[in-house]
1. Which residues, counting only those in segment 374-430, are more than 16 Å from the chain's Cα centre (by Cα), among the charged types (D, E, K, R) and part of a strand (DSSP E or B)?
2. Going through segment 372-396 one residue at a time, which ones are β-branched (Val, Ile, Thr) and either within 23 Å of Val188 (Cα to Cα) or outside the structural domain of Asp457 (by TED's automatic domain parsing) (or both)?
3. Inspect segment 88-111 for any residue being on the phi < 0 side of the Ramachandran plot, surrounded by fewer than 23 Cβ atoms within 10 Å (Cβ to Cβ), touching a Lys or Arg at 6+ places or on another chain (Cβ under 7 Å) and in a helix (DSSP H, G or I) and give the result as yes or no.
4. Within segment 49-64, count every residue that is touching a strand residue (DSSP E or B) at 6+ places or on another chain (Cβ under 7 Å) and surrounded by fewer than 20 Cβ atoms within 10 Å (Cβ to Cβ).
5. Which number in (1) part of a helix (DSSP H, G or I); (2) outside the structural domain of Tyr360 (by TED's automatic domain parsing); (3) at pLDDT below 95 marks the one condition that Gln248 misses?
6. If you scan segment 443-466, which residues turn out to be assigned to a loop (DSSP other than H, G, I, E, B) and either among the hydrophobic types (A, V, I, L, M, F, W, C) or under 15 Å from Met1 (Cα atoms) (or both)?
7. Report, by residue number, each residue of segment 516-536 that is among the small types (Gly, Ala, Ser) and touching a helix residue (DSSP H, G or I) at 6+ places or on another chain (Cβ under 7 Å).
8. Looking only at segment 3-23, how many residues end up being surrounded by 15 or more Cβ atoms within 10 Å (Cβ to Cβ) and not aliphatic (A, V, I, L, M)?
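The values are calculated or read from the model by the stated rules, or taken from the named source; none is laboratory data. Computed from a predicted model, the values in this text were never measured in an experiment. All Cβ positions, glycine included, derive from the backbone under ideal geometry; neighbour counts span all protein chains shown.
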Amino acid sequence: MREASTDLLVEVDPDTNVTDLLLERCAKDPFGILYAHNTPNGWLNVSAARFLADVTALAKGLIAGGLNPGDPVAVLSRSSFEWTLVDFAIWMAGGVTVPIYETSSASQIEWILADSGARRIFVEDAGKASLVHDVVDKSPSLGDDPVTIVRMEHDGDAPNLTSVSAVGVGIMDSELERQRSAATLADVASIVYTSGTTGKPKGCEITHGNFVLVARNVIPFLPELLMQQDARTLMFLPLAHVLARAVQVVCLTAGITLGHSAGASGLMADLGTFKPTFLLAVPRIFEKVYAGAGHKAAMSGKSALFAAASATAVEYSTAVDLAARGKGPGPGWLLNLKHSTFDKLLYPKVREVFGGQVGYTVSGASPLSLRENHFFHGAGVPVLEGYGLTETTAPCTVNTPSMTRIGTVGIPLPGTTVRVAPDGEILVKGIGVFKGYHGNPTATAEAFVDGFFRTGDLGELDEDGFLTITGRKKDLLVTAGGKNVAPAPLEEKLREHPLVGQAVVVGDGRPFVAALVSLDPEGLADWCAVNKVSLSAEEAAVDSRVQAAVQSAVDEANKLVSEAESIRKFAFITADLSVESGHLTPSLKLKRAAVVSDFAPIVEKLYGK
């Protein structure tokens, strides 16, 4: 059984909580810019003192409305400055934040409100308010206990941020301090519901200690990102995801200016105006940027040039990575020359997509393909892959600028121990590991072994403590012949092909392994432009040339595995696999069971039934 750990770098007073970080930041630099609020007139800077004043006013309003220490308060909204304001106000009033993904269905909202006990909920706008009203009116599980709905707006007749703050003017500072200081590191700060690839989501009790200890220790662990002067980052991941919340606490603690982007649709424009120095992202963003660069090259007749630049970036990054591991001499003079040439001609355009000032990016939630990781490293946008779960307050391992091995998810964060059990399961113990599942002691007990959290993921630790994810225990397919197959590596390799949007490997209990493949719209548009044809997704699915191109991707993926594990057949699905369709979680993880169930006729046809 192999194990790796990193020592705790910073101790924390056990009587503190997350709000102490805000008070300390304001005392240290009251005029420092903590947030940049995206308005129709551009980015509006918000100082630490201004933010604390707004948080205090809203917290007093919550107390005036009857909020007691430990009371849960739900938040249903896209990422925004107001989301952050509400989050800290709930903590300042002694409450517990219960985030809900803004894409959640009525039944999911009902479940989270009922399970958490939240009877106050902040919502983004009138539309979300109407949705929650309908949920409450039709829900037998919420009973007769009234639910207070507050819009995250500053005007209107309905309860809103301004009206709630106004009712708190009579609350004394001493009463606010009593409720604010009631929580310690051991107390619950947030109940974060798993995005749920299967079954009902479970509420993970994340403590103040989880947030505070991670923040205090990750800053000196990643000084190149978090301790540089005038550091800025743009948050576009949903704040219902614990990783986004943890990063927000880190940024506040470090005095980093943070802006919010409401979603992927306006992200590229926001990156261009905000110009972050580092960025937290998910693999799909990198895939889209890479595909977009290829599309522009194809439309301008420069596909060959882009292919050469891409290959050079990958070759250069690979040589550098091998040299860092002591397994190669590094780039030779010819490769250095080619890389230097493209670094003047094409790579700056890739960097400009991210705003032009990004020194590092951090990627999590799911694996980034090895080739695309090397491409971005070679193009001057290093990707530091990390790993974690909701139950570990997100990050428990990460690559650092000084300790990076591409293809791994890095080394344990300070105060964290990672162990790989004999069956390959990754076990985690440390500062980020949650308190337990809310109201579910049985599930909590089952989630731990010898004090370690059982992640359900499979991995390997190398001799230097770098973790590589190899699959997920529940995702392992067992063919009719008894062969265990990990679908993730095959799916990642398939998604490297420009034509492939999503890939779902099937074969559990079947005579052989097969795959369902969706076409990437942008990749298909590029392919059509190059081949001078016009095809819809439905037409492309039956086009022999498209089928041959995807078959080549299947052939490349099969080189990773034995013959018994290889994909024998594939079929196209023309529907879009998305969060809205119910096939991806809000953190963009694949809901394998949902895909296999919804496309069962296609699966059966693959096996001749």
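1. Arg419, Glu425, Lys429
2. At the first step, the residues of segment 372-396 found to be β-branched (Val, Ile, Thr) are 381, 383, 390, 392-393.
Once the filter is applied, which keeps residues that are β-branched (Val, Ile, Thr) and either within 23 Å of Val188 (Cα to Cα) or outside the structural domain of Asp457 (by TED's automatic domain parsing) (or both), segment 372-396 yields Thr390, Thr392, Thr393.
3. yes
4. Within segment 49-64, the subset touching a strand residue (DSSP E or B) at 6+ places or on another chain (Cβ under 7 Å) is 51.
Next, only the ones that are surrounded by fewer than 20 Cβ atoms within 10 Å (Cβ to Cβ) stay: none.
Residues flagged as touching a strand residue (DSSP E or B) at 6+ places or on another chain (Cβ under 7 Å) and surrounded by fewer than 20 Cβ atoms within 10 Å (Cβ to Cβ) within segment 49-64 amount to 0.
5. Single failed check for Gln248: (3).
6. If we filter segment 443-466 for residues that are assigned to a loop (DSSP other than H, G, I, E, B), which is where we start, we get 447, 450-451, 462-466.
Ala447, Asp450, Asp462, Glu463, Asp464, Gly465, Phe466 - these are the residues of segment 443-466 that are assigned to a loop (DSSP other than H, G, I, E, B) and either among the hydrophobic types (A, V, I, L, M, F, W, C) or under 15 Å from Met1 (Cα atoms) (or both).
7. Step one: of segment 516-536, the residues among the small types (Gly, Ala, Ser) are 518, 523, 525, 529, 534, 536.
Residues satisfying the conditions are Gly523, Ala525, Ala529, Ser534.
8. Residues that pass the stated criteria total 6.
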